[in-house]
Structure formats: C-alpha cells, structure tokens
Amino acid sequence: MSSESPRPPRSIATRTGDDGTTSLLYGQRVPKDHPQVEAIGALDELNAALGMAKATLPAKAEATELTRIQQELVAFMGEVACAEADATRYADSKFTKLDDQALARLDASVAAIEARQPKFDGWATPGANQHAAALDLARTAARRAERRIIGLAAQGRMLRPLLQRYLNRLSDLLWLLAREAESG
C-alpha cells in the first residue's frame, strides 16, 4: 500500500516539476533555472507588479491601459516560452503575438505624458505615494525582464527585436507614470 494519497483530478499540482524541471510551450523539459524560464519568470513578476499598480490606482482612475499591457505580457511570455527549435511553429500558430501596434501604443502613451510635462527633479526617489511606488516597482521589474530577454540571445534563443523594444518602452512609460502619480 502506497503512503501517497491519490492526486485530485485537474489539480494545479501536477508533480512533474518535483525533479527541478519544467516544460516549455511545446513540451520540451528544461531545468527550472534555465534562462528562458528565468525570462518568463521575470515577465510574470512584471505582470504581477502591474497588477499591484492597478490595485493602487486612485478611485476614479482607469485601469484599461495597465490591463491591456498585462494582456500583452501574456502574449510576450508565450513567445519566450517556446524552444528555439519551435520558433517557426510558434510564429505560424494562432497564439496572440505582440505587434508593431502594441509598441506604437506605448510610444503614444509616452508622448502623451511627456506633453503634460510631469514634474520631477533629477533621479527619482520612489515612495511619494502607494501608486507611484507600485509603478516604480513595476518599472524595475520591466528592466529586469529586459535584461533577461537580452541575455537569451547568448543562450541561442533568438527573439524578435520588437520584444526588446517593447520592454524598453514599457519601462520608460512606467517611469513617466510614476512621476505623474507623484505629482498629482
């Protein structure tokens, strides 16, 4: 008789990662500290940080832009989550992918905030209020994700340049949003 209790049906706990590995998108097993898993994890942390920023929005503020960015990050994670050998398969799939319009929306948001000329004096010191601090935390998560994405090329995982540009622009936007939140 086994001492293990049976696994409930449809459990999140598959136990397949108990050996320190996880699956990429199309089933390839890799160590949990694999550079792609690190990059996906950094994007996931960014998504969670954006959730915190949404939760700290002032009562009448609109969460639409942050929600859209979170949805775009899910698409981003999908692209990072496939092995280089499966890149063409992913590109040909029906999965949602980031496109030039996503980058253009970030550029437009950056331009709109810059046109309002938020006040800041030199280097930011996060923490003026909860929302600004949450946005700065998301910004630092975006920069970490950007570093992880850039590092994948040295590991043989070539991603579309758009993805790197998206993260760079997103961190710029989050910096501006935080400064704007500080001032008002």
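Of note:
- Options ALA111, ALA39, ALA53, ALA81; residue that is among the hydrophobic types (A, V, I, L, M, F, W, C), touching a helix residue (DSSP H, G or I) at 6+ places or on another chain (Cβ under 8 Å) and more than 17 Å from ARG144 (Cβ to Cβ): ALA81
- Residues that are in contact with a helix residue (DSSP H, G or I) (Cβ under 7 Å, 6 or more places away or on another chain) and in a helix (DSSP H, G or I), drawn from the range 119-143: HIS131, ALA132, ALA134, LEU135, ASP136, LEU137, ALA138, ARG139, ALA141, ALA142, ARG143
- Test: residue in the range 132-140 that is surrounded by fewer than 16 Cβ atoms within 10 Å (Cβ to Cβ) and either modelled with pLDDT of 95 or more or on the phi > 0 side of the Ramachandran plot (or both): no
- Scan the range 139-184 for residues that are touching a Ser or Thr at 6+ places or on another chain (Cβ under 6 Å) and touching a residue at least 60 places away in the same chain (Cβ under 8 Å) and the total you get is 2.
- Qualifying residues in the range 54-80 (those that are among the hydrophobic types (A, V, I, L, M, F, W, C) and within 19 Å of ALA132 (Cβ to Cβ)) - the one farthest from the chain's Cα centre (by Cα): ALA59
- Taking (1) within 12 Å of the chain's Cα centre (by Cα); (2) touching a residue at least 60 places away in the same chain (Cβ under 8 Å) in turn, ALA83 satisfies each apart from (1).
- Condition check for ALA108: closer than 19 Å to ALA142 by Cα and at pLDDT 95 or above: yes
- Boolean, GLU146 is surrounded by fewer than 21 Cβ atoms within 10 Å (Cβ to Cβ), acidic (Asp, Glu) and assigned to a helix (DSSP H, G or I): no
- Residue within the range 151-167 that is outside any helix (DSSP H, G or I) and polar (S, T, N, Q) present: no
- Within the range 160-184, the set of residues being over 15 Å from the mean Cα position of the chain (by Cα) and under 25 Å from THR88 (Cα atoms) comprises ARG160, PRO161.
- Residue in the range 118-128 that is surrounded by fewer than 20 Cβ atoms within 10 Å (Cβ to Cβ), under 20 Å from the mean Cα position of the chain (by Cα) and of a type in the set (Gly, Ala, Ser) present: no
The values are calculated or read from the model by the stated rules, or taken from the named source; none is laboratory data. No experiment lies behind these values; they were computed from the predicted model shown. Virtual Cβ from ideal backbone geometry, glycine too; neighbours counted across all protein chains shown.
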